[in-house]
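Since the structure comes first, as structure tokens, the remarks are kept for the end.
The values are calculated or read from the model by the stated rules, or taken from the named source; none is laboratory data. Bear in mind the structure is a predicted one, so any value in this text is a computation, not a measurement. We place every Cβ from the backbone using ideal geometry, glycine too, and count neighbours over all the protein chains shown. What goes into the accessible areas is simple: the full protein's heavy atoms, side chains included, and nothing from ligands, DNA or RNA. Shrake-Rupley method; radii C 1.70, N 1.55, O 1.52, S 1.80 Å.
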Amino acid sequence: MTQRDAFGHETTTDQVLEGIDLTGKRALVTGATGGLGAETARALAGKGAEVVVTARDLEKAKGVVEAIRASTGQTVEVESLELDSLASIRAFAERFLAKYDSLNLLVNNAAVMACPLGHTQDGFELQFGTNHLGHFLMTCLIAPALVRGAPARIVSVSSLGHERAPVDFDDPNFERREYDKWASYGQAKTANVLFAVELERRLGERGVHANAIHPGVIPTDLARHLHAEDYDEMRARAKARGTEMKLKTIEAGAATQVYAATAPELEGRGGLYLEDCHVAEVNDGEMIAFGVRPYAIDPDNARRLWELSEKLVGESFPL
Ligand SMILES: NC(=O)c1ccc[n+]([C@@H]2O[C@H](COP(=O)([O-])OP(=O)(O)OC[C@H]3O[C@@H](n4cnc5c(N)ncnc54)[C@H](OP(=O)(O)O)[C@@H]3O)[C@@H](O)[C@H]2O)c1
């Protein structure tokens, strides 16, 4: 058994990257104003990658970039990207492709969680629109840079929260059903896994591999919309499934996405769902504490989501 086989819940970004040199690799991390995105950017830059991060609030990103520069000596570029605006995504992709010829690592990390009912600037339900459709359009637009950067990897940051709901193909935007903030988050996080499955099918043969991950439970700003009763409910769910809500540090929380982006043992592999720096098992229990639901890795669902997403963003991507 190697040290890497022993990776698990407590493993940190720096442990995952031990002995790995990312010099000459270009990485793009979305939503790096704090939390797991900022730590992912720091860890990749610390190993020599040229890192570009995106933020919807450039002021907020300044401190993160300064801290990375101070701790790693590396300069990190910041680009403006509002994932709840198709116009902002298109403008970002145009700037990105004009500035950078190729991309080796893409970490689709940004998200909102369990917010009150809201809509993106184009009228999509906020969690599905931001967490899935935003990343869908952005990734498809910059995919040529990934193909030029092959071997390249895409990491879709999902969540165990995917277990709360599949994608409702008939009403993804909650137009004809009552809004439920957790069903919405679950649907969006299922979509993140399905997107990786379909990206792998379309791009894998060209050396661009996509995997989805669950980071763990980490205290970050993601919880900004939660109330005391949400924590009570989460603890009750954990108890009902015979587990405890075991928190991770930010460094351990970002480890699985950094692992998916860099682990040599994942070379050439895609369409997987990872947790605790390992490939997770398929699990269709009543209330699951680990693993991935079958509906989230179903290839037919993945194709269907791609087609629905193309329709919603108004553009086809014959990748
Ligand atoms: N923390 C956990 O326990 C946990 C568990 C499972 C999965 N995850 C997943 O891990 C990823 C990172 O989460 P985190 O915990 O690091 O959360 P976080 O600290 O709240 O970071 C989320 C990032 O997404 C950005 N973002 C949100 N809406 C955006 C929009 N419309 N356009 C552009 N950027 C936007 C945020 O920007 P602002 O700073 O401007 O808001 C922030 O940079 C998410 O995909 C989340 O679903 C986290």
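By DSSP, the beta bridges lying fully in region 4-313 are antiparallel in about 10 percent of cases.
For LYS25, a cut-off of 22 angstrom between C-alpha atoms picks up these lysines, skipping any fewer than 8 places away in its own chain: LYS47, LYS99. With a Förster radius of 22 Å applied to the beta-carbon distance between LYS60 and ALA223, the computed FRET efficiency rounds to 0.80. Which of rounded, prolate or oblate describes region 1-114 when judged by the alpha-carbon gyration tensor and an a/c cut-off of 1.5? Judged from the Cα gyration tensor, region 1-114 comes out prolate (a/c at least 1.5, a/b above b/c). Ordering HIS135, VAL52, ASN173 by Cα displacement along the dipole of region 50-175 toward the positive end leaves VAL52 in first place; charges were set at the Cβ atoms of Lys, Arg (+1) and Asp, Glu (-1). Among the DSSP helices (H) of the chain, those spanning at least 30 angstrom by Cα along their long axis with an average Kyte-Doolittle hydropathy of -1.0 or more are 181-203; this is a geometric and hydropathy rule only. Computed on protein heavy atoms with a 1.4 Å probe, the accessible areas place LEU222, LEU247, LEU305 in the order LEU247, LEU222, LEU305, largest first. Accessible surface for region 1-99, divided over its residues, is 46 Å² per residue with a 1.4 Å probe. Excluding same-chain neighbours fewer than eight residues apart, the lysines reachable from LYS239 by a Cα-Cα span under 26 Å are LYS181, LYS189, LYS248.
Comparing LEU126, LEU117, LEU44 in a Gaussian network model of the chain (Cα springs below 10 Å), the most mobile by mean-square fluctuation is LEU117. Extension gain, ILE20-ASP180: 0.36 nm per intervening residue step, less the Cα-Cα distance, totals 53.4 nm. Look at the Cα gyration tensor of region 13-65: its axes a ≥ b ≥ c give a/c of at least 1.5 with a/b over b/c, and that counts as prolate.
Restricting the GluC sites (Glu not before Pro) of region 217-305 to loop positions (DSSP other than H, G, I, E, B) with no more than 11 neighbouring Cβ atoms within 10 Å leaves GLU244, GLU267, GLU281, GLU286. Mean separation of Cα pairs under 8 Å and 6 or more residues apart, divided by the residue count, gives region 26-91 a relative contact order of 31 percent.
Judged by the mean number of other Cβ atoms found within 10 Å, the most tightly packed of the peptides 128-136, 49-57 leads the ranking 128-136, 49-57.
May I ask you to work out the translational diffusion coefficient for region 180-232 at 4 °C, viscosity 1.567 mPa s, via Stokes-Einstein with Rh from the Kirkwood sum over Cα pairs, reported in whole µm²/s? Diffusion coefficient, whole number: 97 µm²/s.
Judged by the ratio a/c of the largest to the smallest principal axis of the C-alpha gyration tensor, the chain counts as rounded, that ratio being less than 1.5.
Mean residue ellipticity, 222 nm, helices only, the chain: the sum of -39500 (n - 2.57) across DSSP H runs of n ≥ 4, divided by residue count and rounded to 500, is -12000 deg cm²/dmol.
For SER80, the solvent-accessible surface with a 1.4 Å probe is about 40 Å², rounded to the nearest 10.
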